[in-house]
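What follows is a single structure, written as structure tokens, with notes after it.
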Amino acid sequence: MKFVGLIGSNADQSYNRMLLQYIRKQFKIKFELELLEINDVPMFNQDDNWQDSFQLRLIYNKVTRADGVIIATPEHNHTITAALKSVLEWLSYDVHPFDSKPVMIVGASYYDQGTSRAQVHLRKILEAPGVNAYTLPGNEFLLGKAKEAFDENGDIINAGTVTFLEQCLDNFVKYVEVVSPLKKPMPIEPEDLDCNHPIPTSVTEVDPDDPDWVEKVAKLTNAVSGNTYVKLDHGILTVDQINMFLKSMPFELTYADDNNQFLYYNNAHQDPDTMFAKRVPEQSGNRLSTVHNSLPPQRMKNVEWVIGTLRNGNQEYVRTLIPNPNPNILNTHNYQAMYYDDGSYAGINEIVFNFKPWLDWYLKTTGQQLVGGKFSANVDANSSASTSNSGASPTADATSGASSH
Amino acid sequence: MKIIAIVGTNSTKSTNRQLLQYMKVHFETKADIELVEIKDIPVFNKPADKKVPDLVLEIADKIKEADGVIIGTPEYDHSIPAVLMNALAWLSYGIFPLLGKPVMITGASYGTLGSSRAQLQLRQILNAPEIKANVLADEFLLSHSLQAFDSDGNLVDLETIQKLDAIFDDFRLFVKITGKLSNAQELLHKEAENFDWETLS
């Protein structure tokens, strides 16, 4: 499970931040917790645009995709901080990422009240119509006398407190499982597969379907190659080294940006007919509509569904198994959303690989075996989609051509 | 009688501001009401150096000199707006202009409830140890506020006007009575000043 931890204090020093950091570390086996700061969020004003704030966009995107949110609130003047209230006002006015989102409240305070009143206020705020979160009932975790509560490693000292916190978190995990069917998926907007909405990185001077797109764009942009060093996050490699690195990946990787333009694949050295998802060098740069031009309209809809569901944050990946008559092949396609720094959709990282050798290796190493059941290697693509969404079936591969299957 | 009226919103269009503007004119023979805006106050971030922005100090001085304070609050998400919480956070950060100050709460809302829940929360906030204002018990809730004023900014409904008149008359009395409640005043002030979160045990 993926949770977001909202630090309800904008102060440099905060025991609520420490509390969330402790939860992230102590209970990392139970869930993944990403902490978000609110110190750069401007004061809510109806007349301003929420998207002008990077931090708000980040919070919006992360909360939208999270399975649940843990809010840690201090108490100021018997209520929550103005900074936290401001965030909640922004995210309940034009946009409503908390709608039907499971939320848990924790709080740390200097005094022995441990934010009791602030938590009661926060509950009321979270159930206001514009917010509409599902707040975990009961399980109030109040950390009083916070100054003495942590040791020098940031761990909570009192064992009873840790046990109670763990119980509350276990209850939240269960609650998220129970409440998540009530989630309202975001609507999926129509996708422009013809690349008519250039993004800042698009090179518009060359037609995407130009077979010499790579060479022409390389010239136009003075793209570096060979032994030129590139600074990455985090490391330094030459372009040759990056190529070696990507070519050696035991997957077929494809990059499509958020303008639905197919920019790159890592297996240009391979005979296209031996690939699990066939690609040819002329396809680099193509519109996704061109990549898929042989698909029937219904399958095109599926392509749009995959991209749309990654773009709007309903899912972070879509995974599907492509039927193959050869029992030694489990043709797995994984469409992983990529994100800009503010958490918004940046495109698809498509991973295509044969899962069978990995599975065999695992079974051999652990001495286990598959006992059968209703799933087999040749599972129908429609039922194999691991996604829980109903409606359109996410079976099409978003970036590979029809010829690949 | 000098009254400071805090506009509890930063929205350019606000029926809460409109209500306070109406009161300023309507009660001009009874009190000198001055509207104070809070929209330009920076976001409170509990600075370690305890430095309060000049704008806040100016507002604090006005409050100190005034006989009473009116706070007009909208309701956002069942509570008072962040911008008003923010102003109150600064106005209780090492300075105590609201301590013992007579306060009347008004609230306007587009819907039926007239900011009732925000007003309750505001009462709790005003009772916090570093604020400790004296809040008038009467509630003034203006519901359906978009329809409540005529084109000159006057309240239309006679019963509403009568209710506001009565509550404001009570508030003027309340200001006078509160002025006599001096016994605990000095003690509370000392308590607020000595209220140090760092040394709490």
Residue check, A:Asp67 against (1) surrounded by fewer than 24 Cβ atoms within 10 Å (Cβ to Cβ); (2) among the acidic types (Asp, Glu); (3) at pLDDT below 95, all met but one. Which one?
-> (3)
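Conditions tested, residue by residue: (1) facing chain B (nearest Cβ under 8 Å); (2) within 19 Å of A:Leu88 (Cβ to Cβ); (3) touching a Leu at 6+ places or on another chain (Cβ under 6 Å); (4) assigned to a loop (DSSP other than H, G, I, E, B).
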residue	(1), (2), (3), (4)
A:Tyr110	yes, no, yes, yes
A:Ala118	no, yes, no, no
A:Arg123	no, yes, no, no
A:Gly130	yes, yes, no, yes
A:Gly138	no, no, no, yes
A:Leu142	no, no, no, no
Out of all the residues in segment A:85-105, which are in a strand (DSSP E or B) and in contact (Cβ under 8 Å) with a residue 60 or more places away in the chain?
-> A:Pro102, A:Met104
Residues satisfying the stated conditions in segment A:301-328, i.e. outside any loop (DSSP other than H, G, I, E, B) and either touching a helix residue (DSSP H, G or I) at 6+ places or on another chain (Cβ under 9 Å) or of a type in the set (Lys, Arg) (or both) = A:Lys301, A:Val303, A:Ile307, A:Arg311, A:Tyr317, A:Val318, A:Arg319, A:Thr320, A:Leu321, A:Ile322
Exclusive hit being among the polar types (S, T, N, Q) and under 17 Å from the mean Cα position of the chain (by Cα), set B:Gln121, B:Gln147 | B:Gln121
Of the candidates A:Lys30, A:Lys85, the one satisfying the condition of being under 20 Å from A:Ser100 (Cα atoms), modelled with pLDDT of 95 or more and assigned by TED's automatic domain parsing to the domain that holds A:Tyr175 is A:Lys85
Counting only residues that are touching a residue at least 12 places away in the same chain (Cβ under 8 Å), out of contact with any Ser or Thr (no Cβ under 9 Å at 6 or more places or on another chain) and within 14 Å of another protein chain (Cβ to nearest Cβ), how many does segment B:43-56 have?
-> 4
In segment B:76-94, anything more than 12 Å from the chain's Cα centre (by Cα) and either under 22 Å from A:Val120 (Cβ atoms) or surrounded by fewer than 21 Cβ atoms within 10 Å (Cβ to Cβ) (or both) is listed as B:Tyr76, B:Asp77, B:His78, B:Ser79, B:Pro81, B:Ala82, B:Val83, B:Asn86, B:Ala89, B:Ser92, B:Tyr93, B:Gly94
Residue pairs meeting the criteria (Cβ under 8 Å; at least 6 apart or on separate chains; first buried (at least 20 other Cβ atoms within 10 Å of the Cβ), in segment A:276-298; second of a type in the set (Lys, Arg)) | A:His292/A:Arg299
Selection count where residues are in a helix (DSSP H, G or I) and either touching a residue at least 12 places away in the same chain (Cβ under 8 Å) or within 12 Å of chain B (Cβ to nearest Cβ) (or both), scope segment A:46-84 = 16
Name the single residue, out of those in segment A:85-108 being more than 11 Å from every other protein chain (Cβ to nearest Cβ) and among the hydrophobic types (A, V, I, L, M, F, W, C), that is surrounded by the most Cβ atoms within 10 Å (Cβ to Cβ).
-> A:Ala108
Of the residues A:Lys147, A:Lys184, which is in contact (Cβ under 8 Å) with a residue 12 or more places away in the chain and in a helix (DSSP H, G or I)?
-> A:Lys147
Residue by residue through segment A:110-157, note down the ones that are over 24 Å from A:Asp67 (Cα atoms) and exposed (fewer than 13 other Cβ atoms within 10 Å of the Cβ).
-> A:Asp112, A:Glu148, A:Asp151, A:Glu152, A:Asn153, A:Ile157
Is there any pair linking a residue in segment A:305-318 that is crowded, with 24+ Cβ neighbours inside 10 Å to one that is of a type in the set (D, E, K, R), with Cβ under 7 Å and at least six apart or on different chains, and which?
-> A:Ile307/A:Glu191
Give segment B:96-113 a look and list any residue that's of a type in the set (A, V, I, L, M, F, W, C), closer than 27 Å to B:Ser143 by Cα and part of a loop (DSSP other than H, G, I, E, B), or say none.
-> B:Leu113
What residue, among those in segment A:14-45 that are part of a loop (DSSP other than H, G, I, E, B) and β-branched (Val, Ile, Thr), is nearest to the other protein chains (Cβ to nearest Cβ)?
-> A:Val41
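Condition check ((1) in contact with a helix residue (DSSP H, G or I) (Cβ under 8 Å, 6 or more places away or on another chain); (2) not β-branched (Val, Ile, Thr)) across all residues:
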| residue | (1), (2) |
| --- | --- |
| A:Ser86 | yes, yes |
| A:His96 | no, yes |
| A:Gln113 | no, yes |
| A:Ala118 | no, yes |
| A:Ile125 | yes, no |
Select from segment B:149-189 the residues that are in contact with a strand residue (DSSP E or B) (Cβ under 8 Å, 6 or more places away or on another chain), farther than 16 Å from B:Val25 by Cα and not in a helix (DSSP H, G or I) and list them in ascending order.
-> B:Leu181
Output for segment A:241-263, where each listed residue is assigned to a loop (DSSP other than H, G, I, E, B) and farther than 17 Å from A:Tyr339 by Cβ | A:Ser248, A:Met249, A:Pro250, A:Phe251
Based on what the data block shows, is A:Thr64 in contact with a strand residue (DSSP E or B) (Cβ under 6 Å, 6 or more places away or on another chain) and among the hydroxyl-bearing types (Ser, Thr, Tyr)?
-> no
Please determine, by comparing only the residues of segment B:10-34 that are surrounded by fewer than 16 Cβ atoms within 10 Å (Cβ to Cβ) and more than 21 Å from A:Glu89 (Cβ to Cβ), which one is nearest to the other protein chains (Cβ to nearest Cβ).
-> B:Glu34
For B:Pro129, state whether it is touching a helix residue (DSSP H, G or I) at 6+ places or on another chain (Cβ under 6 Å) and under 23 Å from B:Asp61 (Cβ atoms).
-> no
Within segment B:59-75, identify whether any single residue is away from chain A (no Cβ under 11 Å), more than 14 Å from the chain's Cα centre (by Cα) and at negative phi, and answer yes or no.
-> yes
Select, from B:Val103, B:Val175, the only residue that is under 26 Å from A:Asn77 (Cα atoms), within 14 Å of chain A (Cβ to nearest Cβ) and not charged (D, E, K, R).
-> B:Val103
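The values are calculated or read from the model by the stated rules, or taken from the named source; none is laboratory data. Treat the numbers as computed from the prediction; the structure is a model and nothing was measured. A quick note on method: Cβ atoms are made from the backbone with ideal geometry, for glycine too, and the neighbour counts reach across all protein chains shown.
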